Each structure stands twice: as structure tokens, then as C-alpha cells.
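A.B. asks: If you scroll down you'll find the structure; I have some questions about it.
The values are calculated or read from the model by the stated rules, or taken from the named source; none is laboratory data. The structure presented is a predicted model; accordingly, all values stated were derived computationally and were not measured. Quick reminder, even Gly has a Cβ in these numbers, built from the backbone with ideal geometry, and neighbours come from all protein chains shown.
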Amino acid sequence: MNKSPNHESAIQHVTGKAVYVSDINLSSDMLVGRIVYSPHAKAKIVSYDLKAALSVKGVVDILDYKRIPGVNQLNPHKNDEPCLAQGEVNCIGQAVFLIAAKTEEAAFEAEKKISILYEPLPAILSIEDAMEKGTTIAPPRCIERGKPFEVITTAKHVLEGEVKTGAQEHWYLETQAALCVPGEGKEIKVYASSQNPTETQEVVADVLGLNANEVECEVKRMGGAFGGKESQGSHFAAWAALLANATRKAVLIVLNRDDDQKITGKRHRSLSKYKIGFNGKGEITAFIVDINLDAGMATDLSIAILERALFHAENSYYIPNISITGTAWKTNLPSNTAYRGFGGPQGMAVIENAIDRIARFLKIDAAEVRHRNFYGIDSRNQTPYGQTVEYNKLYTIWDKIIAKSSYFERRKLVDEFNTSSEFIKRGLALTPVKFGISFTTSFLNQAGALVLIYKDGTLLVNHGGTEMGQGLNTKMLQIAALELGVPLSKVKVNATNTSKVPNTSPTAASSGTDLNGMAVKNATDKLRARLLPCAKKMIASKYSFEPMGEIHFENGEIFEANNRKKSITFEALVAQAHFDQISLHATGYYATPGIHFDRNLGKGEPFNYFAFGMAVSEVEVDTLTGYSRFLRTDIIHDVGDSINEKIDIGQVSGAFIQGLGWCTTETIRWAKDGRILNYSPDTYKIPTIDDIPLEFNIELLTDAPNPKAIRKSKAVGEPPFMLAFSPWLAIKDAISAVGNHKFEPTFNLPANNELILLSAEEIRSKMKNKKKK
Amino acid sequence: MSNNRIKFILNSTVKEVDFNTSNFRPSTTVLNYLRSFNDTKGVKEGCAEGDCGACSIVIGELTENNSIRYYSVDSCLLFLASIHGKQIITIEGLERKLENRTVLHPVQQALIDHFGSQCGFCTPGIVMSIFALYKSNAYPNRNDVVQNLSGNLCRCTGYEPILNAALEVCSNLQPDHFDANEKNVVKILEEIKRKQASVIATAKSQVYHLPETLQEALEIKESNPTVKVVNGATDTAIRQNKFHEYIEEILDISNVSEVKLLSKQGNGFYIGAGVTIEALKTFAKKNIPTILPMLEVFASHQIRNVATIGGNLATASPIGDLIPLLMAHSARVELVSSNESRWVEVQEFITGYRKNCLKSNELIKGILIPKVDENVTIKSEKVSTRHQLDISTVSLSARIEFEMEAVKSIILAFGGMAEVPKRALKTEAFLHGKTFNRETIEKAMEKISDDFTPISDARASAEYRLVAAKNLLLKLISG
């Protein structure tokens, strides 16, 4: 069978026929919904009047919090995110009113006519400010091993520092959207752009005061999500549902880009402080790191995100004595949320930058220092939280990528180039990633499926995961086809629907294929077992022999292993099974075994396994303007036995470039009153086709089956995001070349042209001063 | 003359919009027009400001030699009335039916084969951009593909598969159904133009003029002094999309052929105000190499296809890419009204923040760029967050006239450093008569802060702007 069948929606994509929420064709009396949100970072709502707005022609209804029939809450777990503001607002972008109108223009007019009086209050707009005022969203968390505080005092060398990482906008091409259609009685159907149909169903039920069985949520596909639609996609469904319920008409909410960038959460900004102790060989003996995240105005997923940051603070390195603490701080910004990597990148940035410093300090190549600190195979292989790093691929990948990228030869070439070029500098860096796979909230590691076989021998696969472009449905289709031995053309994957598979976890944590693939397999195993006796009977009667050996289902045929030619077709088998009154549909279920974590002790085995990868990047920096361009990147990434190589390579290149954006051009600045300044693509710059490395080589690690997951594969969605630390640190290497690597450059993330230029200028002025002395 | 309708071809069907009965404004964007029908929802809105390309479509336009020229545009920045007499090709028009089967266009198939779509939302726009490139018969190299696709953002793939698909399909050009149908399209478009050359469309308290001749345009301007002139509309359309600013009266001069001249004239080059940036870029490659670097990083391919030099100049934006460049070339602007014409220097033309010296009855006819003498060096550099599809944070266009090694005259025109594109007069004065070497430049760099007090904004800090501006002087001699 083809190792890489096309994305199952590829034809729909390229012909423009793929349907997204805003394309759904409903009756002509569908209304548009508009969210009226707070212009203040923190304020009291003194009074408001909706009369004039309600009289605008085409306006059907305007809702405030009093019109919510159920609970005024978007976060059923933490209860700290009101659906509509009541008495106060806590960020710019917090929803206050909802307008339903016949046209967008009418809704826009109405918004202008709402009169509302706010009393602005002092707001907290930075991590530093929150730290000073002590506004946390939960108590700090800690993971510790050995005697870090003791060892750091006796370490041969100690470096101390701070690393800041920036916020990142998801910039899914399809903005947040939801369509809600009222049905019979209280029923409501939600067409959502959400990674989390079950939570969407629950939130809609909560705000409307309905039971879960009265709300159906369907997700056909998303036009990108990247975490931005894990928790926050449900908000738009709740708002559309309130309007649909109030007007008893279908209501569509589609955010325009500016509103999406202004009101939705981002990747958490971080501010981390560290001390790192090491010996003359660059071996790390102690690491003390304190990670601080900007959670925004509500809890959202910040606790889990912080936890993952802690779990990845040591990245691929064995550090005997380590203290990792972390706090998520409450500020008056829209609540920050899940974003590919989920805290992992913020955690890893610190150690990667610290190792880079060690290398410069000791004048040893940074790739070498990394290698010296890698987790061991049989010893030095325990993570700070006590999980053993099994099936460690770091050494294999390091050897391969050093050769593939001609790392040491190019190191020399880069140095030569830099000696002969005053202002254009080149840099080179290798960085690894080790990423834990599983939801760290252990109970979420479960999934369901419902596989239907129709009488004509075709399959319809339902599963709990959602398709956001990552190719999950393609992989589910492949798995079902392989397990029941039918051609891909006979299998279809249905839109994800809460009435088919209930109580699902979000499609997140890179776990979509691992969890749902196993659930699909569990269903197909049941079906296969039910069909088996019937198949044997049919072969026996057709060919007059008793099949005693193993029965194979392959390419639409069923036969005994040793009698390949004596086969029956899958269609015939299914038709017979129906006559024989055998059920042709089955549910599947899977829960990842053996994972657990004790949050109080900071110990456990939170991950099913680890994914590994490495990248080498070369960059050229114009140190007079700060402009950088990427000459070459080589990646070797571990996805176990790939289910679909082309899709996996696409995940690696997509994640890497998204990471590159976070590390370089994607900068968010805020005004003093908390207004986001970079709220449109005019000033918020994600990578274009011009920003990818001129030479971009991606290779999947071969002969690396993963015994822990479906078809020996590995999760791939998030891990390669963090490979973008290689271009990030290559930039630093280039800046460092300005001072002939004698000065540690001021460096944070993103390394945008402003940071690069000012950092290079600082080194130039240090050099001048040195000359003067 | 006009009967308040426009006619055009949508894929292969002739369409008419009657503004007396339709729900559309003349300035309704083509994106919103297409998305209001269930059979053309393949086109997507990603940003409504021309910064993502999800709404890309292709325009087929009659050329002088009776063929069709295909080019990609952002349909979110395209006014409905402006497509009169053109062919609009959307994603739905690319496949064709052959007996009972659907045959994909080679561009679509290439994208599938290379796994060039993931979430699929940007894909229709990407397909259309590659299709336009395919139809340009250019056998593009990697850089050409990058230039043509820099206006299409994709957040999923990392672009590599898209780049490879475009390179492969454009190196193996096959005749397609557009070639087969071209003669017919030419005939229909000629017929439309013959029956109705100009358009005056009135609907929903808006009047839209789309004249064919300069004379008509000037008469309209004369009798409606407050009319908003658009020539590409890439700036005006954004304001409508974002702030729901519906302009009462619009004069769209994008069909006026007299402002599209592009020629050598005397000791220089005359560029009609209506010349698109893309057309100018092609012309500059052979004729005015000193303006080429700026044109290559001007917005995106889709925007370059419709944005005009006249439009860029008239916005008088402090960060407009071309104004400092034209200042450095000592370019002159020809302004015309019904009864007279006059010339002004580019720097006189700009009178303040987004203000120019056009009188209410005047239009820009063209710009004269004098030929660069041998003893003159012109260099320009744009600094932006991202190389493509971005606006200047700071830019410098410099003109240095040498007498032996010494600076005889100098223009240092900066963008992004003040409320208008502005010359660094104090720095210029310092350099005047001095030898142009590292030592003098380093001293001159100190003068920049006497010339400018830049601001901090969404793009960069004041500190960065000042340092970058100084360094741009150093770049004049360091390459």
C-alpha cells in the first residue's frame, strides 16, 4: 500500500470545495452575530443603554449577561471567565454584549450606537508588574532533584541570566467562527471551528441551561488551529448559541482578522531567570531555573501549559542537580492559551540559551557541549520528575545530522567568512529536541471511535479527533483500511460529531493519532473478530476446505495465509454477515496505560514516550540593519514508523517554520493602556515563502519503530516546533561574531531585526571602549 | 452613456450586475461579491487587507494585441465596478469536465502531488497565484516563484511543498482550457467594451466613475472636487473593509490609458501615474536599475499587479516605499487639470502627513525620472521586519554626485523617520564637499539625530529607527 496517500481532503482543498464554518450554506434568514468587547484593560461598568442600538434597522436582538439563560461562565473547570462581562471588565477584548443582525453592516452600526460608561481602573500589563503585585493564578509549581542549591555554590563555573520569550499569535488562516442552528424544542446544533467538540458542547449547554444531550456539536475541519481553538473555539460557539437561542434563528459568528488578533489569547510570554553550574568540559552539574508565564486575565489552560514548560526545562540533557520552579501570573490581557508546544518552547529556550553561553564561555563548540550533556542510554537517563528516558535516539540523530550537515566543516567556513566580512555575519547552530508525548493531565489520555460498515462494503469512520490540517483524518482512514484490509477508496472519515463519539478529549498535545488511532483500531478489531467466523465459513463452503491457518484481510480480499488464491471479497463477506445477523458497527475505546503524575511531589511518569529531533541551521545577518536570512537548515526527526511520510514531513516543515516565526519576526507590542499594537498582518509578520531556508532538508529517522503507539508510529505535531531554536541560536552566533565571540550578546526571543541590531551595536561599542582602554 | 450596470466574464460565464436592482455597492469588494453566492465560496477572506492572499483570484485582461493577460490580485482590495470588461477567474473555474469526469488543472494536481495543502484555507489563493504564474509562460526559477507567492501566507506547510509544486508545474507548461477558450473571451470582452467603455454606477448612496479617457476623468474631477480618486485602490479598499468607510463618490482612473504611458523621454523616463508597480518593475529591469531594488520589496505580487506609482505618490504616506526613492532621483510630477498642466518636484508635491499639493481639479498624469548621470550614485535600502510583504520601518534613498572623490551634491531621503518622507538636510550639509569615505560617513552618522526624532510604534522603537538610519549611511559604502 502507498506509504503516503494524499491528504484525504486534498482535492477539496485545491478545488475550493472544502467547507469551513463560514461556507456552510443555510437558509437565507441566517443572522450574523457580533461581539461587542471592552476597550479597557480593567474597568468598572457603571451603566449602559442599548435602546438606540436596538432600533437600528436590521438589528434583531442585543444580549447582555442578564439574558444568559444558563450560567455566565466559559470555563466550567475554573469558573473565572465570564461569558459576558458583569459589572467589570478585565481585559481589552472581553465580551460585553452580543448583537444579532440581518447584515454585518447593521451589526456594525448598532455597535456604534451602544452607550456604555466605564470607570477605568489601574491594570496589570506585564509579568514584572504582576510579580511585584503578586497576582498569580495558582500557587507556584516545582520539580526538583539532587542538591541544586548546594552544588551551584561549589560548581567550577556558574553563569546567571534571564531569558524573555515573546507572545505569539496563532494566525490560523481561518479566524474563529461558529454557526449555531436552533432545532426542535430546546435543541441546538453547533457547527464549530474547534479542537474540542465535547467542551464546546458542554459550554454551550452550560450557558443555555441545557443538558448535554440537547446540544450537538460538529466539526468538519478547521482552517488551522495550532492550539488557538483548543479552549477558545468554544467561546464563539457559546456566543453564537446565545444569539441563536434568543432569536430562534441560525446565527453565524466569524471574526474579522483584527478582532481575532485583538481578543483571542496568544502563546504565553515568559520571563525566566536561571543559574547554571558546570565544569571545565561543559558538563552541567546544577541548574536552577524559575519560569514565569503571563497567563492573562483567566486561568484557561495556563496551569497545564506551565506544567509542560517545567517538564521541558532540561530538554535533552541529563542534569543531576536541578530545581525547576514556575508560576503563571495573572494580568489584564486576554487570557493566553494553548499554542503548539504548549509551554515546552518557553521551558526549553532557557536551557538552550544557557548551553550556548557555556560554549562561548569555555570556547568549546556548542554542538559539542550539547552532546556531552545528552541523556544517557543506560545510565544518566532519569528525568528530573523521575521518568526514564527510554529508546533514546539523541546519539543516533546527532551522529547522522553532524555528517549530513557537514557541521564541523561548515563551522570552519562560517568562521572564515566572518573574518573577511565586517558587517554581514554568518552563524551556525545545532539544537536538539526531546518532547514528552501525552496529555500531562493524565485522564485526558483517552479516545473513542465508532466504525460503521455498510452493506456495500464501504466504511464510515467516526472518531473523537478533529481535523485542522494535520492529516489526522487521513491517518485514521489509513488505519481503518489497513486493519480491515480494504482499499482506501472504500473508507470515508466522517465529520467529528458529539452525537457519534461522546466525551472526547481535545485534539491537542500531538496525541490525535496516538489516541484516536488506537480507538479506531479497537473498533476494527472488534469488527474483524465478529466477521472472522463468517469469513471462515464462506471460504470453507466456496473452496471446500477448512481454513486452519491465520486469516488475512488485505486489499478487499479475505483468505487463509497459505491459500491466498482461495479468497472471498470483503463485500461478499459483509453482505453475508448482514444475512447472518452480525452487527456491522462497533465502538472503539483507548486509554493510554501506565501514565501518572503527582503534582505535589513533582514526580511520576507523565509521558507515554518521548519524540526526538535535531536541526542544524545556518543564517546570514546584516548587523547594520538586523536583517537575517536563512541559508540552510537540515533536520532529522523521529516519528517512529511513519504512518504517512509526506504528511509527517509536512508537519515537521510547518512546525519548524512556525517556530522560526516565533523566534524571529513575530513581535507583539502593547501600548501603555494595554492595547495590542500588532493586531493585524500589516504589522504582525508571520513567515512568507521568502523567509524559509534557501536550502531546507528534512529527513525522517529510519528504522526507529516506536513500540508504544499505533502502528509503531510517533506523534509529530508539536516537537519540531522547537527545532527552530537552531536558527534562533545561529542568529546569536552571528551576532557574537561581531565581537569575535569575546562578548556574550544580549539575546532574547524573538530575535527580530531590532534585537539583532541593538545587540550588535552593543558589542560594537564594547569593542570600541576596549580599544580606547 | 451608462445604464448603471457592469458586465464581465466570471470564469466562462458572462455576468452582469445591475446596480439598480442588486444588493451591491459599486465599491463592494469582489471578495464579498463572490462569497455572496454559494457556487463561488472557494475564495476565502483571511485578513481583508491584502496581507495574506487567501482571497487571490486571477484577472484576465484584454491586451493591445488582442490576447488575454492573466494576473493575480487580492479580491478583498478590488472594487466590483472596476471589473467591468474583464474576465475574473476563481478557483471554481480551474477544473474542467471531460465527459463525465472532472479533470483538475495541472496546477491543482501539482499541489496535491506535493502535499501542498494542509488545512486548505489558504489553498485556493495559493492555487490562483501559481495559476497566474503558470499562465505567464515564464519558466520561473526559485526566486521568481518566491516573488510571485510572497503575497500568499500559509501557516501550515512551511511553504517548501508549495514552492516545489510551483517550480515543477511551471517547468512543464501544457495548453489548458483557458488557451482553448481565449479567442472567445477576447471577442466577448471586446464586445462589452465596445458597447460600454466607461461606467458610472450609482447605488446605495454611492457614485462610482470608471472613465475610459483622461478628458472624462478630468471633467469628473472638475465638477466633483471632493471625489475620491483611486488608481489601484489598495489603500482605499482597506479603509472600507476595516472601518466601514463608504466613500460617496469614487473616481477610478485605472482604465484611463493616457496615464499608463511608460517611455523614454528626453533625458529621462516618463512613467504614467497609472503604471502598476509590477509593470514598472519589468521596465526598470532594463531601463532604470536604480529603482529596481525598492520595487522588488514593494508589498506583494498581487498588490504590485494593481497598485500604481501615482497612487503610491498621492497617498503621501511617511512610509510609502517610492517617495524617498523618487526624491533621490530628483523626479518631477506632472499634474493636469482640464485646462492646464504643471510640473512640481516630488518633495514639493508632499505637503504634510498624508497630504499633497494636488488642487481639487487636478490629477497626477505622470512622473519624470531623469536619467542618472555617470558621476552620480543612487542607492536605496528598505529596512522592514520582514523582507517581503511589509512596509518600511526605515528606508533610505540616497543620491550622491561626485566631483573626483568629493561630494558635489547629495540627497539623503529617508522614509519612516518623520511624519513625511524627509531629507536629512543637516547630514547632507555636513557631507557636502567632503571626501566620501568611512571616516566622514562615521562622523555624518552622528548628525542623523540632529535631523530626525523618530517615534516608537507597532513596527519598531525610536532607538532602533535612529540606529538603523545611521547605519544605512554606512551601508552606502559597505555594499
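A.B. asks: Looking for whichever is farther than 30 Å from B:GLY158 by Cα and out of contact with any strand residue (DSSP E or B) (no Cβ under 7 Å at 6 or more places or on another chain) here; the options are A:VAL190, A:VAL215, A:VAL207. Which one fits? Steps first, answer last, please.
C.D. replies: Working: A:VAL190 fails: out of contact with any strand residue (DSSP E or B) (no Cβ under 7 Å at 6 or more places or on another chain); A:VAL215 fails: out of contact with any strand residue (DSSP E or B) (no Cβ under 7 Å at 6 or more places or on another chain).
Going through A:VAL190, A:VAL215, A:VAL207 in turn, just one is farther than 30 Å from B:GLY158 by Cα and out of contact with any strand residue (DSSP E or B) (no Cβ under 7 Å at 6 or more places or on another chain): A:VAL207.
A.B. asks: Somewhere in the range A:117-139, is a residue of a type in the set (D, E, K, R), touching a helix residue (DSSP H, G or I) at 6+ places or on another chain (Cβ under 8 Å) and farther than 30 Å from A:LEU252 by Cα? Full working, then the answer.
C.D. replies: Initially, the range A:117-139 is screened for residues of a type in the set (D, E, K, R), giving A:119, A:128-129, A:132-133.
Checking the rest, the ones that are also touching a helix residue (DSSP H, G or I) at 6+ places or on another chain (Cβ under 8 Å) come to none.
For the range A:117-139, residues of a type in the set (D, E, K, R), touching a helix residue (DSSP H, G or I) at 6+ places or on another chain (Cβ under 8 Å) and farther than 30 Å from A:LEU252 by Cα: absent.
A.B. asks: Also, quick follow-up: Determine the pairs where a residue that is aliphatic (A, V, I, L, M), located within the range A:51-76, has a partner that is at pLDDT below 95 with Cβ atoms under 6 Å apart, the partner being 6 or more residues away or on another chain.
C.D. replies: Short answer, once both residue conditions are applied: none.
A.B. asks: Another one. Using the structure shown, decide if A:LEU428 is in a strand (DSSP E or B) and not charged (D, E, K, R). Steps first, please.
C.D. replies: Working: in a strand (DSSP E or B): yes; not charged (D, E, K, R): yes.
Answer is yes for this residue.
A.B. asks: Name the residues in the range A:239-259 that are over 17 Å from A:ALA101 (Cα atoms) and buried (at least 24 other Cβ atoms within 10 Å of the Cβ), would you?
C.D. replies: Step one: of the range A:239-259, the residues over 17 Å from A:ALA101 (Cα atoms) are A:257-259.
Within the range A:239-259, just A:ARG257 meets the criteria.
A.B. asks: Checking A:LEU677 against (1) in contact (Cβ under 8 Å) with a residue 12 or more places away in the chain; (2) closer than 22 Å to A:ARG267 by Cβ; (3) touching a strand residue (DSSP E or B) at 6+ places or on another chain (Cβ under 9 Å), which test does it fail?
C.D. replies: Of (1) in contact (Cβ under 8 Å) with a residue 12 or more places away in the chain; (2) closer than 22 Å to A:ARG267 by Cβ; (3) touching a strand residue (DSSP E or B) at 6+ places or on another chain (Cβ under 9 Å), only one is false for A:LEU677: (1).
A.B. asks: If you don't mind, there's one more thing I want to ask. Six or more apart or on different chains, Cβ under 8 Å: which pairs go from a residue in the range B:250-274 that's basic (Lys, Arg) to one that's in a loop (DSSP other than H, G, I, E, B)? Could you list them?
C.D. replies: B:LYS260/B:GLY274; B:LYS260/B:VAL275; B:LYS264/B:ASN287
A.B. asks: Could you go through the range A:618-628 and let me know if any residue there is in contact with a helix residue (DSSP H, G or I) (Cβ under 7 Å, 6 or more places away or on another chain) and closer than 29 Å to A:LEU472 by Cβ.
C.D. replies: no
A.B. asks: Next up: Which of the residues belonging to the range B:214-272 are hydroxyl-bearing (Ser, Thr, Tyr) and assigned to a helix (DSSP H, G or I)? Give the steps one after another, and end with the answer.
C.D. replies: Just the residues of the range B:214-272 that are hydroxyl-bearing (Ser, Thr, Tyr), to begin with: B:223, B:226, B:234, B:236, B:246, B:254, B:257, B:263, B:270.
Within the range B:214-272, B:SER223, B:THR236, B:SER257 qualify.
A.B. asks: Restrict the check to the range A:215-237 and report whether at least one residue is more than 30 Å from A:VAL716 (Cα to Cα) and part of a helix (DSSP H, G or I).
C.D. replies: no
A.B. asks: May I pose another question? Looking at B:LEU167, is it without any contact (Cβ under 8 Å) to a residue 60 or more places away in the chain, within 9 Å of chain A (Cβ to nearest Cβ) and in contact with a Lys or Arg (Cβ under 9 Å, 6 or more places away or on another chain)?
C.D. replies: Numbers: without any contact (Cβ under 8 Å) to a residue 60 or more places away in the chain: yes; within 9 Å of chain A (Cβ to nearest Cβ): no; in contact with a Lys or Arg (Cβ under 9 Å, 6 or more places away or on another chain): yes.
Considered against the rule, which asks whether it is without any contact (Cβ under 8 Å) to a residue 60 or more places away in the chain, within 9 Å of chain A (Cβ to nearest Cβ) and in contact with a Lys or Arg (Cβ under 9 Å, 6 or more places away or on another chain), B:LEU167 comes out as no.
A.B. asks: Turning to a different aspect of this structure: Which one is farthest from the chain's Cα centre (by Cα), of the residues in the range A:238-259 that are in a loop (DSSP other than H, G, I, E, B) and on the phi < 0 side of the Ramachandran plot?
C.D. replies: Our first condition is that a residue be in a loop (DSSP other than H, G, I, E, B); within the range A:238-259, this holds for A:248-250, A:255-256.
Restricting the remaining residues to those that are on the phi < 0 side of the Ramachandran plot gives A:249-250, A:255-256.
On the way: A:LYS249: 34, A:ALA250: 31, A:LEU255: 21, A:ASN256: 22 Å.
Selected residue: A:LYS249.
A.B. asks: Okay, next question. Got a number for residues in the range A:282-293 being surrounded by fewer than 24 Cβ atoms within 10 Å (Cβ to Cβ) and either without any contact (Cβ under 8 Å) to a residue 12 or more places away in the chain or not hydrophobic (A, V, I, L, M, F, W, C) (or both)?
C.D. replies: First, pick out the residues of the range A:282-293 that are surrounded by fewer than 24 Cβ atoms within 10 Å (Cβ to Cβ): A:282-283, A:285, A:288, A:290.
With the extra rule that they be either without any contact (Cβ under 8 Å) to a residue 12 or more places away in the chain or not hydrophobic (A, V, I, L, M, F, W, C) (or both), the set shrinks to A:282-283, A:285, A:290.
Number satisfying all stated conditions: 4.
A.B. asks: Output yes when any residue across the range A:688-699 is more than 11 Å from chain B (Cβ to nearest Cβ), surrounded by fewer than 23 Cβ atoms within 10 Å (Cβ to Cβ) and within 22 Å of the chain's Cα centre (by Cα), and no when none is. So that I can check it myself, show each step before the final result.
C.D. replies: So the first thing to find is which residues in the range A:688-699 are more than 11 Å from chain B (Cβ to nearest Cβ), and the list is A:699.
Checking which are surrounded by fewer than 23 Cβ atoms within 10 Å (Cβ to Cβ) leaves us with A:699.
If we keep only those that are within 22 Å of the chain's Cα centre (by Cα) as well, we get A:699.
Yes, there is a match, as at least one residue in the range A:688-699 is more than 11 Å from chain B (Cβ to nearest Cβ), surrounded by fewer than 23 Cβ atoms within 10 Å (Cβ to Cβ) and within 22 Å of the chain's Cα centre (by Cα).
A.B. asks: Within the range A:615-647, how many residues turn out to be in contact with a Ser or Thr (Cβ under 7 Å, 6 or more places away or on another chain), more than 10 Å from every other protein chain (Cβ to nearest Cβ) and either assigned to a loop (DSSP other than H, G, I, E, B) or within 30 Å of A:ASN445 (Cβ to Cβ) (or both)?
C.D. replies: Qualifying residue count for the region: 6.
A.B. asks: Is the range A:358-376 home to any residue that is under 19 Å from A:ARG145 (Cβ atoms), at pLDDT 95 or above, assigned to a loop (DSSP other than H, G, I, E, B) and assigned by TED's automatic domain parsing to the domain that holds A:GLY280?
C.D. replies: Checked against the condition, which is being under 19 Å from A:ARG145 (Cβ atoms), at pLDDT 95 or above, assigned to a loop (DSSP other than H, G, I, E, B) and assigned by TED's automatic domain parsing to the domain that holds A:GLY280, the range A:358-376 yields at least one hit.
A.B. asks: Give the residue, chosen from A:LEU631, A:LEU584, that is under 30 Å from A:THR396 (Cα atoms), aliphatic (A, V, I, L, M), modelled with pLDDT of 95 or more and surrounded by fewer than 22 Cβ atoms within 10 Å (Cβ to Cβ).
C.D. replies: A:LEU631
A.B. asks: So, in the range B:20-40, of the ones that are within 13 Å of chain A (Cβ to nearest Cβ) and part of a helix (DSSP H, G or I), which residue ends up nearest to the chain's Cα centre (by Cα)?
C.D. replies: This residue is B:LEU31.
A.B. asks: Sticking with this structure for a sec: For the range A:150-186, which positions are over 12 Å from A:ALA286 (Cα atoms), more than 14 Å from chain B (Cβ to nearest Cβ) and in a loop (DSSP other than H, G, I, E, B)?
C.D. replies: Passing the criteria: A:GLY183, A:GLU184, A:GLY185, A:LYS186.
A.B. asks: Could you give every pair whose Cβ atoms fall below 6 Å, whose first residue belongs to the range B:99-118 and is within 8 Å of another protein chain (Cβ to nearest Cβ), and whose second residue is of a type in the set (S, T, N, Q), counting only separations of at least 6 or pairs across chains?
C.D. replies: Every condition considered, the pairs that remain are B:ILE112/A:ASN6; B:SER117/B:THR123; B:GLN118/B:THR157.
A.B. asks: Out of the range A:729-743, which residues are farther than 14 Å from A:LEU758 by Cβ and basic (Lys, Arg)?
C.D. replies: A:LYS742, the sole residue that qualifies.
A.B. asks: Where in the range A:451-557 are there strands (runs of 3 or more DSSP E), lying fully within it, with 1 or more residues that are under 28 Å from the mean Cα position of the chain (by Cα)? First the steps, then the outcome.
C.D. replies: On the way: elements: A:459-463, A:491-493, A:551-554.
Filter on the range A:451-557 gives A:459-463, A:491-493.
A.B. asks: Please specify each residue of the range A:15-68 satisfying the condition of being exposed (fewer than 15 other Cβ atoms within 10 Å of the Cβ), away from chain B (no Cβ under 14 Å) and charged (D, E, K, R).
C.D. replies: The answer is A:ASP29, A:LYS44, A:ASP49, A:LYS51, A:LYS66.
A.B. asks: If you go through the range A:426-458 one residue at a time, how many are surrounded by fewer than 23 Cβ atoms within 10 Å (Cβ to Cβ) and out of contact with any Phe, Trp or Tyr (no Cβ under 8 Å at 6 or more places or on another chain)?
C.D. replies: Of the residues in that region, 9 qualify.
A.B. asks: Restricting the range B:242-260 to residues that are touching a Phe, Trp or Tyr at 6+ places or on another chain (Cβ under 9 Å) and modelled with pLDDT of 95 or more, which is surrounded by the fewest Cβ atoms within 10 Å (Cβ to Cβ)?
C.D. replies: The residue in question is B:GLU249.
A.B. asks: Which of the helices (runs of 4 or more DSSP H) found entirely inside the range B:390-479 contain at least 1 residues meeting this: at pLDDT 95 or above, within 14 Å of chain A (Cβ to nearest Cβ) and within 22 Å of B:ASP321 (Cα to Cα)?
C.D. replies: Details: elements: B:425-431, B:438-451, B:462-478.
Fully inside the range B:390-479 and qualifying: B:438-451, B:462-478.
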